[in-house]
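The values are calculated or read from the model by the stated rules, or taken from the named source; none is laboratory data. All figures in this text were calculated on a predicted structure; none of them were measured in a lab. Counting neighbours? That spans all protein chains shown, and the Cβs are built from the backbone with ideal geometry, glycine included. Just so you know, the surface numbers come from the protein's heavy atoms only, side chains and all, with ligands and any DNA or RNA stripped out. Shrake-Rupley method; radii C 1.70, N 1.55, O 1.52, S 1.80 Å.
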Amino acid sequence: MNIARTIAQRLMTLAFALIFGSIVFGGAADAQVVRDAYLQQLTSDSVLVVFRTEMAFASDPIVEYGTTPLAFDSTATGYSMVPPSGMGARDKIVPITGLAPETTYYYRFGTVSDGVLGGGSETHRFTTAALVGSTQPFSAWVLGDSGTAEPKQLAVRDAMLVELDGVPPDLFIHVGDIAYEAGTDAQYTQRFFSTYSEILNRAPFWPTIGNHDADSANSMGQTGPYFEGYFLPTAAQLGGVASGTEAYYSFDHHNVHFIMIDTAEGDLYPPSIMLDWVIADLSNTLADWVVAVFHHPPYSKGSHDSDDGTDSGGRMVLAREFLVPLLEAGGVDLILSGHSHSYERSRLIQGAFGFGTVPNMATPDYATLLAGGHILQAGDGNPYGDGPYTKPPGVIAPGEVCIVAGHGGRSISGPGGHPVMAIDEFENGSCLLRVDGDLLWVENLRGDGSLTDRVALSKGTRVHRIFATVEGCGSIARSIERPLFATGEVVTLTAESATGWLFSEWVGALSGPIASETLTVTADATVTARFVRVETEGFAAYNDFGWVPGQMEDRLTKITSPNGGSGLPSSGVLVDRETGLETGVTLTVEGGTYGGPIHGIAGSGAPVIGTDAWLEFHYHLNPHGSISYQNAPSPAGDLVLTLSG
């Protein structure tokens, strides 16, 4: 995470916009770009760029693009259409073809008649995919039940941008309920396209329809704001089998096959055209990984109960009893869903359906599932905990992980405790899906920026871990950002000091004072980077409780001086020992001389009870530490410590 870098990138975006005209100040009769450019159907050699303008703009859209932000030397033109739900606006769709794989392109957009209307900024760029089948690593942001226009929705978005240093992931996946409360055209514009424009400019969006999206849409007729806003593959343009509808579809990205299913309005009870398509599609894929995405979770005890046949019209029960068996037969590895406003993540499971009686078909308890062979691997799946779940490569093998990611912006609730789940929690957040060859892992990222869960699936030899810790204040960067490694892999670890600190040495699997070292992996390894404080012209404050400027009581634990204990300067600004930053609090010393190093509460030389020094010191510092001193000869008198700020 790098907050400073994120801020810098946003400032750079503004600079690009002012230089290249991506901010539209008026236009034809003060017309506006209603929806900034967003990406659809990105492949290794093509992409769709879509944007919406008011009717005052012409119907001849154009995109200019190039491999540098200063030279838009290629052009592509497209077509316009008036969305029935957004009368008074025009959607403009521009296909770009003939691109090079794994190449970054910058772009700006407008119309042939009106000129440039937007883009040309640092955020308006995309990187084409690798060829299908490639084992090149990629990431996807998985979001669900998000479009509330509430502060928590924005916090979830910003936490992801900070975690990824301001650079959106390669794919943006949504498990449904994109725009509350009813998926209207205005709600999509305000609560999705505007909210995520900085991400949509760069990452192709792949949605599934949720029940709230379906309130204003119809899957059978493919009408309404959901179907008007998204341009999804119906004819297997990106792999898989043609579905003939945007309500459900599939696509390949690198070595992963994604199958996107409509549980909001699709027919989940056989015989079903959609279920037949699921069978055909999965029978056709040879991808290393299969990821299924749909709205209604087959397993949940969040704000919805998947064991209640009356909840959500029984769609969670139908998904579990009729859809999950088909997915398992097709080799599914990961199921992503939402609807239930919670984060829940299962163990590696198989065949956890067919229990109980209609209408609930309730899932039995954990012991029953384990005894019946439905919990395939009972560990937590965390690569830094019990280790990853493992599956053999190259074959359809049993076992999938199910994740409920319905915590993207809606209020969180639920009892939790579903028997298939390894973890559940009730805080807003999102998930980061990462794939690197034969390794797939998912992290849960809360809206406050904390990573609270990580689960990995391995289909190869990457099973070794590097446990990297720090002493002092700093961080460790890895040349390979992956939780698991194969025997013989070489990883470069670089110690990065925080402000006010210096790297000292490596301890453990690495040793020595060089900040950047290589580690050849042969087994699990533990390595520690030690950092030492850089002494400053002031006092150093040891702070164990979190510094709050202006609140001295019970905050400061110890004080020392940069001059080796030979005497305190007359005054100085306190420096937070944890961060090396000045605190804004001043310590003034009158009388006496500094008498030695830091001591504990009962340390020798503590100020005498009843003296000015003791009163001032005790009030602000005890019982967390003390400082030794000795009285100076008369007339200096007793040592007096005065803290202000």
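Inspection of segment 123-130 finds no residue satisfying the criterion of being open to solvent by 10 Å² or more (accessible area, probe 1.4 Å), closer than 22 Å to residue 344 by Cβ and touching a residue at least 12 places away in the same chain (Cβ under 8 Å). Take the residues in segment 225-246 that are part of a loop (DSSP other than H, G, I, E, B) and among the aromatic types (Phe, Trp, Tyr), then tell me which one is surrounded by the most Cβ atoms within 10 Å (Cβ to Cβ). Looking at the filtered set, the residue picked out is 230. The number of residues in segment 247-281 that are part of a helix (DSSP H, G or I) and open to solvent by 10 Å² or more (accessible area, probe 1.4 Å) comes to 5.
Remark: pairs (first residue in segment 251-263, farther than 14 Å from residue 136 by Cα; second residue part of a strand (DSSP E or B) and not aromatic (Phe, Trp, Tyr); Cβ separation under 6 Å; 6+ apart in sequence or on different chains) = 257/290; 258/291; 259/250; 259/292; 260/293.
Of the residues 387, 399, the single one that is among the small types (Gly, Ala, Ser) and modelled with pLDDT under 95 is 387. Here's a check for you: in segment 94-120, which residue that is over 11 Å from residue 45 (Cα atoms) and among the charged types (D, E, K, R) is farthest from the chain's Cα centre (by Cα)? Restricting to residues being over 11 Å from residue 45 (Cα atoms) and among the charged types (D, E, K, R), the top hit is 114.
So if I check each of 224, 239, 244, which one is under 23 Å from residue 286 (Cα atoms), among the small types (Gly, Ala, Ser) and in contact (Cβ under 8 Å) with a residue 40 or more places away in the chain?
Working: 224 fails: under 23 Å from residue 286 (Cα atoms); 244 fails: in contact (Cβ under 8 Å) with a residue 40 or more places away in the chain.
239 is the lone residue from the list that is under 23 Å from residue 286 (Cα atoms), among the small types (Gly, Ala, Ser) and in contact (Cβ under 8 Å) with a residue 40 or more places away in the chain.
Once segment 416-450 is narrowed to residues that are farther than 22 Å from residue 463 by Cβ and charged (D, E, K, R), the residue that is surrounded by the most Cβ atoms within 10 Å (Cβ to Cβ) is 424.
Return yes or no: is residue 199 of a type in the set (Val, Ile, Thr), open to solvent by 40 Å² or more (accessible area, probe 1.4 Å) and in a helix (DSSP H, G or I)?
No.
Residues of segment 134-169 that are surrounded by 19 or more Cβ atoms within 10 Å (Cβ to Cβ) and part of a loop (DSSP other than H, G, I, E, B): 144, 145, 146, 147, 148, 166, 168, 169. Across segment 267-289, which residue is farthest from the chain's Cα centre (by Cα) among those that are more than 28 Å from residue 458 (Cβ to Cβ) and small (Gly, Ala, Ser)? Checking each candidate, the answer is 272.
Put simply, of 215, 170, 165 the only residue that is more than 25 Å from residue 43 (Cα to Cα), touching a residue at least 24 places away in the same chain (Cβ under 8 Å) and of a type outside the set (Lys, Arg) is 215. When 180, 188 are checked against the criterion of being surrounded by 21 or more Cβ atoms within 10 Å (Cβ to Cβ), in contact (Cβ under 8 Å) with a residue 40 or more places away in the chain, in a loop (DSSP other than H, G, I, E, B) and hydroxyl-bearing (Ser, Thr, Tyr), a single residue qualifies: 180.
Exactly one residue among 516, 413 is open to solvent by 40 Å² or more (accessible area, probe 1.4 Å), of a type in the set (Gly, Ala, Ser) and free of Cβ contacts under 8 Å to residues at least 40 places away in the same chain, and that residue is 516.
Looking at segment 305-316, can you tell me whether even one residue there is in a helix (DSSP H, G or I), under 17 Å from residue 419 (Cα atoms) and open to solvent by 10 Å² or more (accessible area, probe 1.4 Å)? Within segment 305-316 (the criterion being in a helix (DSSP H, G or I), under 17 Å from residue 419 (Cα atoms) and open to solvent by 10 Å² or more (accessible area, probe 1.4 Å)), the answer is no, since none of the residues qualifies.
Across segment 496-513, the number of residues qualifying as of a type outside the set (Gly, Ala, Ser), more than 28 Å from the chain's Cα centre (by Cα) and at pLDDT below 95 comes to 5. Among the residues of segment 455-467, write down those that are crowded, with 21+ Cβ neighbours inside 10 Å and not in a loop (DSSP other than H, G, I, E, B). Scanning segment 455-467 gives 455, 456, 457, 458, 466.
Filtering segment 37-89 to residues that are part of a strand (DSSP E or B), open to solvent by 30 Å² or more (accessible area, probe 1.4 Å) and either farther than 27 Å from residue 131 by Cα or modelled with pLDDT under 95 (or both) leaves 54, 68, 71, 79, 80, 81.
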